Amino acid sequence: MVAGAVLAGCGGGGSAHTYDTTVQDWITQIVLEGGNGKVTVRTTPNAATTIRRTTTAKSDPGKFYRVDGRVLLINTSCGLRCDQDYSIEAPAGVAVSGGITANDLTLEGVGSADVGVSAGNITITGATGGVRARSDHGDVTVALTEVANVSAKSATGDVDVTVPPGQYEVTALSAAGGTVTSTVFNILDARNTLDAQTGVGSVTVALAEPGPEVSPSASGPALPARPSRHPVRPK
């Protein structure tokens, strides 16, 4: 069920028009289907999902999103030379997948993420599940609150990954020879993998908070983060 929209900030040409909508159905997944608009997703304890879309079009271009069961599908395009920014508040644990073309993507407190951006920064903080994030041209920042798999890659940009204490098999690489810093034990064959790579830029991998060192597994001593044998190819 989708509630009505509210128009605010109506001005002349070039001023921002904002439209608010509430989806009462419980949303468990958000799928990004492209477009150049900026997208921000935050989670709340509420069951409903609120959607705020902002456009500089002179009139309402209409909503370019739809709800399919528990899935919210969003395309930030809205026609010729038109894009809309989206700010979404969704229930805790929501998963986010898909990507946008040329703008920043910010996810806060989501359950898991598998996202990409052609040109723009990706920032994912407070994730409680596995994350795959890739940008062709932009920085990628990922911070987990629970131990899980991470793949963070950029063709051109810095990569910064922060994880809670746990056991990880770590790959950290800057193909062009940029600065690589890792303070997380690399444990071969660990259940969780941490893959942080860039083509051009720096890579930083760190624990979320100081504390006792994570003990190496019984299979052998901890090893330094291993470089990849292959060039970075974000997908």
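To keep it simple, each residue is scored yes or no on (1) over 14 Å from the mean Cα position of the chain (by Cα); (2) surrounded by 20 or more Cβ atoms within 10 Å (Cβ to Cβ).
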residue: Gln84; (1), (2): yes, yes
residue: Gly120; (1), (2): no, yes
residue: Ser151; (1), (2): no, yes
residue: Gly166; (1), (2): yes, no
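The lone criterion from (1) in contact with a Phe, Trp or Tyr (Cβ under 8 Å, 6 or more places away or on another chain); (2) touching a residue at least 40 places away in the same chain (Cβ under 8 Å) left unmet by Tyr65 is number (2).
The numbers here are math on the coordinates, done by the rules we state, and not lab data. Since this is a predicted model, take the numbers as computed values, not measurements. Heads up, the Cβs are rebuilt from the backbone with ideal geometry, glycines too, and the neighbour counts pull from every protein chain shown.
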